[in-house]
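A.B. asks: Below: one structure in C-alpha cells.
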Amino acid sequence: MVVFKLWCPLLLLAVAGAACHTRPPATAPSRTMPTTASAVPARPPAPPSPPAAAARPAAAAPLTDAELFERKSLSELNAEHPLGDVFFDYDQNTLREDARRVLQQDAQWLSRWPKTMIRIDGHCDERGTPEYNLALGDRRAEAVREYLTSLGVRADRVQIRSLGKEAPFCQGSGESCWSQNRRGHFEITRK
C-alpha cells in the first residue's frame, strides 16, 4: 500500500499536467445558416465584361464600275440596254438626226469598254415581202455600223444581221406599232 500512496499523487499530477497542456481538438468551421427572415436570394454572377473592341476591318470599298461590269453576265448587260436602239423612217435606211445622237452616246459607251463586241440587228415593219425586208434590214444594220466606225468604233467589234420583219418588237398594226419595228437593235455578244 505504501507504493500505492506514492504512485497515486504522481499519477494525479501527470494527469493534471497533461490536461493543462493539451490542445483543444480541431473543429470544422461552423456554417451559419441564414434565418428565413433575413434570407436574401443569392445573385447570379455578373456576366463577363465584353471583350475590348477589336479593331474591326474597314468596310469593303465599293466596287468600281469596271468591277461591276466584269461581274455581270451578257444577259444581265443586255437586259440593262446600255446601248440605245435607233429608228428609221418608212422604207429608209438613212440615219435620222435623233438616231445619230443615240449612236454618239453608244460610241462613248463602247469606247469605255473596248473589249466589248456587239451585233446590230436590222428590223423592219410587216409591210413588204420577206425578201425585201431582209435586204432593207441588212442596209439599216450596215448604216448603223458605218456611223459607229466613223465615230471611232473598230469595225471588227461590230457584227450585223438582218431579221427583216420576222422578229417584230410590236405585234400590232398601224404606224405607232410599225415605227417601233423599223430599228437597228443592239445585242452585246462579248465583254
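The values are calculated or read from the model by the stated rules, or taken from the named source; none is laboratory data. Here the structure is a predicted model, which is why all the values come from computation and not from measurement. FYI the Cβ positions are ideal-geometry reconstructions off the backbone, even for glycines, and counts take in every protein chain you see.
A.B. asks: How many of the residues making up region 107-128 are out of contact with any Gly (no Cβ under 6 Å at 6 or more places or on another chain) and under 19 Å from GLY152 (Cα atoms)?
C.D. replies: Result for region 107-128: 13.
A.B. asks: Is it the case that GLY137 is touching a residue at least 40 places away in the same chain (Cβ under 8 Å) and of a type in the set (Gly, Ala, Ser)?
C.D. replies: Answer is no for this residue.
A.B. asks: Of the residues that sit in region 145-191 and are among the aliphatic types (A, V, I, L, M) and either modelled with pLDDT of 95 or more or assigned to a strand (DSSP E or B) (or both), which one is surrounded by the fewest Cβ atoms within 10 Å (Cβ to Cβ)?
C.D. replies: My answer is ALA155.
A.B. asks: Could we say that ASP138 is in a loop (DSSP other than H, G, I, E, B) and over 28 Å from the mean Cα position of the chain (by Cα) here? Step through it out loud before you land on a result.
C.D. replies: Details: in a loop (DSSP other than H, G, I, E, B): no; over 28 Å from the mean Cα position of the chain (by Cα): yes.
Considered against the rule, which asks whether it is in a loop (DSSP other than H, G, I, E, B) and over 28 Å from the mean Cα position of the chain (by Cα), ASP138 comes out as no.
A.B. asks: Show me the helices (runs of 4 or more DSSP H) found entirely inside region 1-110 where at least 2 residues are under 30 Å from LEU134 (Cβ atoms), modelled with pLDDT of 90 or more and out of contact with any strand residue (DSSP E or B) (no Cβ under 8 Å at 6 or more places or on another chain).
C.D. replies: Counting at least 2 such residues, we get 74-80.
A.B. asks: What pairs come up if the first residue lies in region 160-180 and is within 16 Å of ARG140 (Cβ to Cβ), the second is in a strand (DSSP E or B) and of a type outside the set (Lys, Arg), and their beta carbons are under 6 Å apart, counting only those six or more places apart or on different chains?
C.D. replies: Filtered contacts from region 160-180: ILE160/ILE120; ARG161/ASP121; SER162/GLY122; LEU163/ASP121; LEU163/HIS123.
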